[in-house]
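Report on the following structure.
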Amino acid sequence: MGENTAKKPNEKQKPGLGAIIADHKAEFRKITWPKKDEAAKKTVTVIVMSILFGVIIFCMDTIYTGLQDLALNLLGLM
């Protein structure tokens, strides 16, 4: 006998490419983009914080390396 090839009514179908593009366009219309001055302020904040954290990490690395060298010298391993 023949198999029932009809799709089940609750089985979800993949949306087509046109539907996906339409959904993306609708979502992009909902985006509220920041003003130019707001974006510039946030960019400067990110740059400053990155430099600050870089300096902090550099200082910590320098101190820990110095302490490690001191400890190795005191133990006579270097």
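The values are calculated or read from the model by the stated rules, or taken from the named source; none is laboratory data. Since we're looking at a predicted model, the values are computed, not measured. Because the Cβ atoms are built from the backbone with ideal geometry, glycine has one as well, and the counts that use them run over all protein chains shown.
Which ones in region 27-43 are loosely packed, with under 10 Cβ neighbours inside 10 Å and either part of a helix (DSSP H, G or I) or not hydrophobic (A, V, I, L, M, F, W, C) (or both)? Scanning region 27-43 gives E27, F28, R29, K30, T32, K35, K36, D37.
The residue pairs whose first member lies in region 23-47 and is at negative phi, whose second member is at pLDDT 95 or above and surrounded by 10 or more Cβ atoms within 10 Å (Cβ to Cβ), and whose beta carbons are closer than 9 Å, counting only pairs six or more residues apart or on different chains, are W33/A39; P34/K42. The condition of being at pLDDT 95 or above and of a type in the set (V, I, T) holds for only one of I56, I31, that being I56. Reported count of residues in region 47-78, each being part of a helix (DSSP H, G or I) and surrounded by fewer than 10 Cβ atoms within 10 Å (Cβ to Cβ), is 2.
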